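The values are calculated or read from the model by the stated rules, or taken from the named source; none is laboratory data. A quick note: this is a predicted structure, and the numbers were derived from the prediction, not measured. All Cβ positions, glycine included, derive from the backbone under ideal geometry; neighbour counts span all protein chains shown.
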Amino acid sequence: MRFAKWHGLGNDYLIVAASDLPRTLAAPAVQLLCDRHRGVGGDGILLHEAPSGAVAGALARMRVFNPDGGEVEMCGNGIRMFARYLRQISAVQADEFVVETLAGPIVPRLLDDGRVRVHMGTARFVSPNISLPDHTPLDEVVQQELEAAGVRYTFTFVDVGNPHCVIMVDDVHDLPLESVGPVIEHLPLFPNRVNVEFVQREPDGSVTMRVWERGTGETQACGTGATAVGAASVRLGAATSPVLVHLVGGDLEIEVSPDRQVVMTGPAEEIFTGELSSDLETRLGWR
């Protein structure tokens, strides 16, 4: 089986064509392939499929699997990698096209400088991905409180096709993300779990963030996380559009319109292409 490995600001994924798989991509196979010691290694897998027909005009379908084997709706860094990958394998010729995802249609645009500009849809501050205590009716879940590991945090919920819990702090480097991240991820407040972003305002109007991705852990970058952070920062008056978001792996630019349409621009690079060994395919149960 052949694969490609790409990264977006250090967030690395394997891209696999469904037509190359000998059988369905089950959770144990995803876990082994993403294992950095016994597999290829990565923050997840992007599965390239033919469009299902559910999204008009889609040229391909992207499915996203986390290292724990779970499938999620979308990946912001992943869609940039996937867009450039489709051009690389000559699956698309246009600079702008439609990709089908579990979060709905996503429209990336390939730029001349190698970056990808992606319309990420509408940022929502309430959705079925949050379950408020006593079914509290709120039009927006903004500046609400939660408790994790004995500490109370003020958070804003943002759904950009997948759920995010955005928390503004004074110093993103001075917090135990590895211990508080998984606690917030699994709070009953979030029935489908949640990605957690801690955000610090900078004097120049930009923001710095760290992210705990559900099913993955802390990563160097998260495109949907940066999108959610940009939308939340504008909503809270912490920044103005476009928002420059600093992540561990680099920067993303997030544009937020008055009607909460969000556009993300950033890089994606191929690392290498390869072929699985017979030993690994045997351990995967594919031989």
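Scanning region 244-275 for residues that are of a type outside the set (Ser, Thr, Tyr), in contact (Cβ under 8 Å) with a residue 60 or more places away in the chain and over 17 Å from residue 10 (Cβ atoms) yields a count of 8. Of all residues in region 127-139, at least one satisfies being out of contact with any His (no Cβ under 7 Å at 6 or more places or on another chain), within 22 Å of residue 193 (Cβ to Cβ) and of a type in the set (Asp, Glu). Hey, could you check region 98-116 for residues that are in contact (Cβ under 8 Å) with a residue 60 or more places away in the chain and in a strand (DSSP E or B) and say which is farthest from residue 49 (Cα to Cα)? Of everything passing the filter in region 98-116, 115 is farthest from residue 49 (Cα to Cα).
May I ask you to verify whether residue 110 is within 24 Å of residue 43 (Cα to Cα), more than 18 Å from the chain's Cα centre (by Cα) and not assigned by TED's automatic domain parsing to the domain that holds residue 212? Answer is yes for this residue.
There is at least one residue in region 247-262 that is more than 19 Å from residue 124 (Cβ to Cβ), assigned by TED's automatic domain parsing to the domain that holds residue 183 and outside any strand (DSSP E or B).
Comparison of 116, 183, 126 shows that the only residue that is within 30 Å of residue 100 (Cβ to Cβ), aliphatic (A, V, I, L, M) and surrounded by fewer than 20 Cβ atoms within 10 Å (Cβ to Cβ) is 126.
Does residue 201 count as farther than 24 Å from residue 128 by Cα, buried (at least 16 other Cβ atoms within 10 Å of the Cβ) and not aliphatic (A, V, I, L, M)? Give the derivation first.
Values: farther than 24 Å from residue 128 by Cα: yes; buried (at least 16 other Cβ atoms within 10 Å of the Cβ): yes; not aliphatic (A, V, I, L, M): yes.
Taking the combined requirement at face value, the residue satisfies it.
Of the listed requirements (1) more than 22 Å from the chain's Cα centre (by Cα); (2) closer than 29 Å to residue 4 by Cβ, residue 204 misses just one: (2). Condition first: among the polar types (S, T, N, Q) and surrounded by 17 or more Cβ atoms within 10 Å (Cβ to Cβ). Now tell me which residues in region 263-287 satisfy that. Correct list: 265 only.
Exactly one condition in (1) crowded, with 17+ Cβ neighbours inside 10 Å; (2) touching a residue at least 24 places away in the same chain (Cβ under 8 Å); (3) under 24 Å from residue 54 (Cα atoms) is not met by residue 148; state its number. So residue 148 meets the others, but not (3).
If you filter region 158-180 down to residues that are under 25 Å from residue 122 (Cβ atoms) and touching an Asp or Glu at 6+ places or on another chain (Cβ under 8 Å), you find that the one that is surrounded by the fewest Cβ atoms within 10 Å (Cβ to Cβ) is 167.
Taking the conditions exactly as written (at positive phi, at pLDDT 95 or above and either buried (at least 17 other Cβ atoms within 10 Å of the Cβ) or of a type in the set (Lys, Arg) (or both)), does residue 260 satisfy them or not?
Values: at positive phi: yes; at pLDDT 95 or above: yes; either buried (at least 17 other Cβ atoms within 10 Å of the Cβ) or of a type in the set (Lys, Arg) (or both): yes.
The answer is yes for residue 260.
The requirement of being at pLDDT 95 or above, assigned to a loop (DSSP other than H, G, I, E, B) and of a type outside the set (A, V, I, L, M, F, W, C) is fulfilled somewhere in region 149-164, by at least one residue.
Restricting the search to region 36-51, which residues are of a type in the set (Gly, Ala, Ser), crowded, with 19+ Cβ neighbours inside 10 Å and touching a strand residue (DSSP E or B) at 6+ places or on another chain (Cβ under 8 Å)?
Initially, region 36-51 is screened for residues of a type in the set (Gly, Ala, Ser), giving 39, 41-42, 44, 50.
In the following step, the residues that additionally are crowded, with 19+ Cβ neighbours inside 10 Å were identified as 39, 42, 44.
Within region 36-51, 42, 44 meet the criteria.
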